[in-house]
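Take a look at the structure below.
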Amino acid sequence: MSSSRRQFLALSASAALASAASAQTKAAPLVKTKPSPPGTPPSGPYVLDPLPYAPNALLPHVDLLTMEIHHGKHHQAYINGLNTALQGEPGLAEKSLEDLLGGIPFLPEALQTPIRNHGGGHWNHFFFWNSMGPAQAPGIGGDPADPALAAALAKDFGSLADFKKKFAEAATKRFGSGWAWLILKTDGHLAIVSTPNQDNPLMQGLVPNADRGTPLLGLDVWEHAYYLNYQNRRPDYIAAWWNVVNWPTVAQRYQAALAALSKK
Ligand code: MN3
């Protein structure tokens, strides 16, 4: 008998055994639900919200295909990974994502990396979509109209132009994949920081204390955020991105962060 024939018979025999075992299981089903196909991520507790604008609304600064893939595929994959990590963890699933990200070192060890990467990915991308808007809409791009935010940027960075220059430097110098952030620190000052991968300034115990604070603005500098339109020209992507920054939202976040600080 040829070796492949023997292998075939051996496989058939084990398949028959498996089939008999499965017939026995079927005789007394314990759970009467239809199983999902293998590899299907659990649905919930987190879902992908639609973009707050049309996917082509950021043209010409961020192209349509990048937005569709970035939101529909990359962001969805972070949500799927987060839901998978929280499967069978009802106590954690009902916590806010901010609470989970703020206390990663206190989570069960097996969940720390998935929640850091996928929970961070979900939080960061939700924040990112809402940090932008169509360039032609009121308040988008240009200079922040809010006097308190404009004054704080000038006070802590010298001028708005200096702020943009320093922020762009942090985003350009981030080696590999990561983010640049404008944060409000607990001392009431604004700061520019950068985090690797999907880390963010909320992550106590993972991000250096000097880089922690309340995010007001975030820029994704993973290649998936710009490569289709800008290829290796990250500085060009950053320069164009200022045209779609949603300053009214940044100002609202600043007011909310200041109010939260004053309650502490
Ligand atoms: Mn991204």
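I'd like to verify a number: residues in the stretch 41-65 that are among the hydroxyl-bearing types (Ser, Thr, Tyr) and either closer than 16 Å to HIS118 by Cβ or touching a His at 6+ places or on another chain (Cβ under 8 Å) (or both), how many?
Of all residues in the stretch 41-65, those among the hydroxyl-bearing types (Ser, Thr, Tyr) come to 43, 46, 53.
Now restrict to residues that are either closer than 16 Å to HIS118 by Cβ or touching a His at 6+ places or on another chain (Cβ under 8 Å) (or both): 43, 46.
Number of matching residues: 2.
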Which condition number does PRO215 fail, the rest of (1) surrounded by 15 or more Cβ atoms within 10 Å (Cβ to Cβ); (2) farther than 13 Å from ILE183 by Cβ; (3) within 16 Å of the ligand (Cβ to nearest atom); (4) not aliphatic (A, V, I, L, M) being met? (2)
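Does the stretch 118-130 hold any residues that are more than 16 Å from SER96 (Cβ to Cβ) and more than 12 Å from the ligand (Cβ to nearest atom), and which are they?
ASN130
Can you tell me which residue is nearest to PRO114 (Cα to Cα) among those in the stretch 69-93 that are of a type in the set (S, T, N, Q) and within 16 Å of the ligand (Cβ to nearest atom)? Before you say what the answer is, go through the steps one by one.
First, the residues of the stretch 69-93 that are of a type in the set (S, T, N, Q): 76, 80, 83-84, 87.
With the extra rule that they be within 16 Å of the ligand (Cβ to nearest atom), the set shrinks to 76, 80.
Details: GLN76: 15, ASN80: 11 Å.
Once the filter is applied, the top-ranked residue is ASN80.
How many residues are under 24 Å from LEU101 (Cα atoms), of a type in the set (A, V, I, L, M, F, W, C) and in the same structural domain as PRO108 (by TED's automatic domain parsing) when one looks only at the stretch 48-87? Full working, then the answer.
The first filter runs over the stretch 48-87 and keeps only residues under 24 Å from LEU101 (Cα atoms), leaving 48-52, 70-87.
From the residues that got through so far, the ones that are of a type in the set (A, V, I, L, M, F, W, C) too are 48, 51, 77, 79, 82, 85-86.
Pick out the ones that are also in the same structural domain as PRO108 (by TED's automatic domain parsing) and you get 77, 79, 82, 85-86.
Matching residues across the stretch 48-87 total 5.
Kindly establish whether ALA150 is touching a residue at least 40 places away in the same chain (Cβ under 8 Å), more than 14 Å from the ligand (Cβ to nearest atom), part of a helix (DSSP H, G or I) and in contact with a Pro (Cβ under 9 Å, 6 or more places away or on another chain). Working first, answer last.
Working: touching a residue at least 40 places away in the same chain (Cβ under 8 Å): no; more than 14 Å from the ligand (Cβ to nearest atom): yes; part of a helix (DSSP H, G or I): yes; in contact with a Pro (Cβ under 9 Å, 6 or more places away or on another chain): yes.
The answer is no for ALA150.
Within the stretch 36-92, which residues are of a type in the set (D, E, K, R) and exposed (fewer than 14 other Cβ atoms within 10 Å of the Cβ)?
Here is the first cut: in the stretch 36-92, the ones of a type in the set (D, E, K, R) are 49, 63, 68, 73, 89.
Of everything in the stretch 36-92, those that are of a type in the set (D, E, K, R) and exposed (fewer than 14 other Cβ atoms within 10 Å of the Cβ) turn out to be ASP49, GLU68, LYS73.
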Filter the stretch 142-159 down to residues that are buried (at least 19 other Cβ atoms within 10 Å of the Cβ) and more than 12 Å from LEU190 (Cα to Cα), then give me how many there are. 1
Is it true that some residue in the stretch 199-221 is more than 19 Å from the chain's Cα centre (by Cα) and of a type in the set (D, E, K, R)? no
Restricting to the stretch 94-117, and then to whatever is over 15 Å from the mean Cα position of the chain (by Cα), in a helix (DSSP H, G or I) and among the hydrophobic types (A, V, I, L, M, F, W, C), can you tell me which residue is nearest to the ligand (Cβ to nearest atom)? ILE104
Hits in the stretch 61-93 (condition: in contact (Cβ under 8 Å) with a residue 60 or more places away in the chain and outside any helix (DSSP H, G or I)): HIS61, VAL62, ASP63
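The values are calculated or read from the model by the stated rules, or taken from the named source; none is laboratory data. Bear in mind the structure is a predicted one, so any value in this text is a computation, not a measurement. We place every Cβ from the backbone using ideal geometry, glycine too, and count neighbours over all the protein chains shown.
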